Amino acid sequence: MDDLMQAVVWLEEVGKNDLSVVGGKGASLGEMINIGVPVPGGFAVTAQAFRDFINRAGIAKKLFEALDVDVNQESELHKAEEAAKKLIMQAQVPEDIEKAIKSRYEEMCKREGGPVFVAVRSSATAEDLPDASFAGQQETYLNMRGAEDVFNAVRKCWASLYGARAIFYRVEQGFEHDKVNLSAIVQKMVDSEKSGVMFSSQPSTGEPLVVIEAAWGLGESVVSGSVSPDNFVVDRASKKIISKYIASKEIMIIRDPKTLKTVTVSVPAEKKEAVVLEDSEAIKLAGYAEILEKHYGIPQDIEWGVEKAKIYILQSRPITTIAAAKKEAGPAAAPDKSKILLQGLGAAPGVATGIVRIITSGRELDKVKQGDIMVTKMTMPDMVPGMKRAGAIVTDEGGMACHAAIVSRELGCPAVVGTKKATAILRDDMEITVDGGKGIVYEGRVALASPARPASAASAGGVVFSKPITATEIKVNVSEPDRAEAAAATMADGVGLLRIEHMILGLGKTPNWYIKNGKTEEYIDELVKGIKVVADAFFPRPVWVRTLDAPTDEFRAMEGGEGEPHEHNPMLGWRGIRRDLTETDHFRLEIRAFKKLHEMGLTNAGIMLPMVQHVREFQKAKAIMVDEGLDLEKIDVGIMVETPGAALTIEDFIADGIDFISFGTNDLTQYTLAVDRNNENVAGLYSELHPAVIKLIEFVVEQCNEAGVKTSICGQAGSYPEMAKRLVEIGITSISANIDAVATVRETVARSEKILMLNALRNREP
């Protein structure tokens, strides 16, 4: 492109060399159009237009200064996001740029013969690079119609360049903020009657076979694994279909013609068992796949759709799951007498023999021991811990792009998906052999099968596993300092709960024993030593340390606990802040420990006060901190929200300057519902998902978000995928999970954020 100063350009006017003009996505789309691939038409608002906007609006200097923060400090990162987005959204867009965008959309409508629905997609200039994809870092707005709506969507795309996730990712990848610009792609929407994904080479082995997956409606059903798609394998050499698998397709995702919203509906009875693609369509799609791989010089992962019998290529990106150095899977050489139990799709190569464990939900994962064969209807993100232990995966549903297939390939774990009836035919404790390359499940131990073994997430089959990036911080709960290393290995964004009472209980002596025996410095040193291990492991990521919250019955058996009161219900008694403010000597020792930690440079250690119910308690605790010489400007001080009293008066705490809150859902639930969580007679009434509990959480999060106060959850409920999903929807800042649940919660959050974003975009009024 010669004229880099143009505000808008047609996609066909750009190509792969114009990354600096229209970003990675725009350059790829333009390139595909120019080589004859059927890509939905549209235009790009250039990166230069964005740069002109921030320069002429006079916000460039302030913008990049706002981004100069420590991205590992959550509060700083989100302040940067807020400041940057505010600058973008409040600045005046030059009239000529606004006019260019609106005029070009109107020209596009003329091209199409009337008002057209478009997708407005972000395309950064540091995107779709060989070593940094930047996938999902900026926003997309679907089903936009009308010049004003399109212009507003472009503006929001610009602002999304400075989302917390995008800021963090650029820093992690070594990209300077002021060197990255953003183009907005305005592209015709494709209302697909059938769609799917295809791989230009076999995604597990790299063989020259085009793998096509197809389902009715929009392609999200295939990507999510919510439907078992038809599967075609086309040999690139012979141009023939060498394998065809027709699935039973129960649901499809469509755009409702009346509401224009995306909905999931049942597949009409006559289509459930019907083949989605004609052979000619499969061959034609394979042709496009081969063209794209040859053109780009690397195997491609391609999204496609068919509207009114016309094929559209919607996106093409490199396949990332093919091992750099391919290893032969060593297919099982089954003796003639070996019985084939099931056949499906070979989703991840390798051979494993092991014992069957039927899993119906994430709560049954304990059944899966190292090397067992996990058999389930379809894997979900909360099953990942079990998948890591499994020797192989077998599912009823799914295709090559479903959750089970993708995760199995990443883990290097053999997998056969889409068998239709694995959970019905196989039984617990059966010994089977799984050939993940051929898609075959044999009865018993088959000759030449590799022994089942748990997969390694570090470098499984040459594929490096990395954590998904989420806007919601994923933190970890730590009970003991000796678990610091394991906690840090989760790559959590910090510690949402470090329980100080567990350190004290481990000493065998109560705080009062140390006070009475003149050994207060020894006690302080023990606290410092324990907290330091965790704070060091996570520095500079935040570590929120909960002050003493041991019920009296836990102290009674310890040395120095002889005088502990006998309480009918210790959980409702003298614990947490209540004890701190009546037995202040031990509380002061804890504060001195924090002071020492900060003097050591461990400024990431924050104080979290438990069992608070009134702002006066918070005020008195802060007064003691100040009296002990703690600089409250240099330390985060927050409260546990465990009582309805604290939740319903959260505005008072905000007004008094809390830095953060964290929900202790175990206590909040029992106090809200009047259900003793330790009483088996009423255990069935205990539910963290009770509407009353959720309403309290929603209220607190809403108030805190408005005031810029960080919100988290450290109760057991944060480790439940269903709760994690709900918390993301509510808008919580972070979720702190148990060590063994961090990966699961992170994947659940990543998926929930994506679904939330997509639903919000789809449900926008045209």
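Here are a few things to note about the model shown:
- Pick from the range 659-678, criterion small (G, A, S) and touching a strand residue (DSSP E or B) at 6+ places or on another chain (Cβ under 7 Å), ranking: modelled with the lowest pLDDT: G664
- Restricting the range 730-745 to residues that are more than 13 Å from the chain's Cα centre (by Cα), of a type outside the set (A, V, I, L, M) and within 20 Å of D659 (Cα to Cα), the residue that is surrounded by the most Cβ atoms within 10 Å (Cβ to Cβ) is S736.
- Hits in the range 88-97 - residues which are part of a helix (DSSP H, G or I) and surrounded by fewer than 19 Cβ atoms within 10 Å (Cβ to Cβ): M89, Q90, E95, D96
- A count restricted to the range 517-537 and to residues that are modelled with pLDDT under 90 and either farther than 17 Å from A486 by Cβ or touching a helix residue (DSSP H, G or I) at 6+ places or on another chain (Cβ under 7 Å) (or both) stands at 1.
- Considering residues of the range 355-397 that are surrounded by 24 or more Cβ atoms within 10 Å (Cβ to Cβ) and part of a loop (DSSP other than H, G, I, E, B) only, the residue modelled with the lowest pLDDT: T379
- Residue within the range 275-283 that is farther than 20 Å from S316 by Cα, small (G, A, S), free of Cβ contacts under 8 Å to residues at least 12 places away in the same chain and out of contact with any strand residue (DSSP E or B) (no Cβ under 6 Å at 6 or more places or on another chain) present: yes
- With a requirement of 2 or more residues that are polar (S, T, N, Q) and under 26 Å from the mean Cα position of the chain (by Cα), the helices (runs of 4 or more DSSP H) lying completely within the range 214-321 that satisfy it span 220-224.
- All of K725, K710 fail the test of being at pLDDT 90 or above, touching a helix residue (DSSP H, G or I) at 6+ places or on another chain (Cβ under 8 Å) and in the same structural domain as V495 (by TED's automatic domain parsing), apart from K710.
- Some residue of the range 226-244 being surrounded by fewer than 22 Cβ atoms within 10 Å (Cβ to Cβ), at pLDDT 80 or above and at positive phi: yes
- In the range 647-658, the residues that are farther than 13 Å from Q619 by Cβ and modelled with pLDDT under 95 never reach a residue that is assigned to a helix (DSSP H, G or I) and among the β-branched types (V, I, T) with C-beta atoms less than 9 angstrom apart, at least six apart or across chains.
- From A333, A329, residue being within 28 Å of G206 (Cα to Cα), modelled with pLDDT under 90, crowded, with 17+ Cβ neighbours inside 10 Å and among the hydrophobic types (A, V, I, L, M, F, W, C): A329
- Single condition Y105 does not satisfy, out of (1) under 26 Å from M144 (Cβ atoms); (2) aromatic (F, W, Y); (3) in contact with an Asp or Glu (Cβ under 7 Å, 6 or more places away or on another chain): (3)
The values are calculated or read from the model by the stated rules, or taken from the named source; none is laboratory data. Only a predicted model underlies this, so the values are computations on that prediction, with no experimental measurement involved. A quick note on method: Cβ atoms are made from the backbone with ideal geometry, for glycine too, and the neighbour counts reach across all protein chains shown.
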